[in-house]
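First up is the structure itself, then whatever we jot down about it.
The values are calculated or read from the model by the stated rules, or taken from the named source; none is laboratory data. Since this is a predicted model, take the numbers as computed values, not measurements. No Cβ is skipped: glycine too gets one built from the backbone with ideal geometry, and neighbour counts run over all protein chains shown.
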């Protein structure tokens with residue numbers, strides 16, 4: 001099945017994109033925090049993202065305790081991007 005890429009509107013003054021294929025991922029206005037710390041360094045928290053796929057959810061011990069999360073990847077090139085909270 002072919003996946004069609006989502007493009008953020010031209011009115012977005014700043015976008016975040018995949019480092020490998022440049023697919024749009026998020027609008028700067030959806031950035032909640034740059035203060036997160038992941039196991040591999042600084043992490044960003046977004047309210048909404050596009051063009052991502054999601055792996056299986058699992059419980060992980062993070063700096064703030066046990067959370068249900070799932071790895072996410074670029075749906076266009078399969079580059080691992082990080083993880084997201086799941087409920």
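Some notes on this structure:
- Among the residues of the range 57-87, just one is in a strand (DSSP E or B) and in contact (Cβ under 8 Å) with a residue 60 or more places away in the chain, namely 81.
- Filtering the range 20-47 to residues that are exposed (fewer than 12 other Cβ atoms within 10 Å of the Cβ) and part of a strand (DSSP E or B) leaves 32, 33, 34, 35, 37, 41, 42.
- Test: residue in the range 1-19 that is modelled with pLDDT of 90 or more, in contact with a strand residue (DSSP E or B) (Cβ under 7 Å, 6 or more places away or on another chain) and loosely packed, with under 12 Cβ neighbours inside 10 Å: no
- Selected residue (criterion: surrounded by the fewest Cβ atoms within 10 Å (Cβ to Cβ)) from residues of the range 48-87 that are at positive phi and touching a strand residue (DSSP E or B) at 6+ places or on another chain (Cβ under 7 Å): 82
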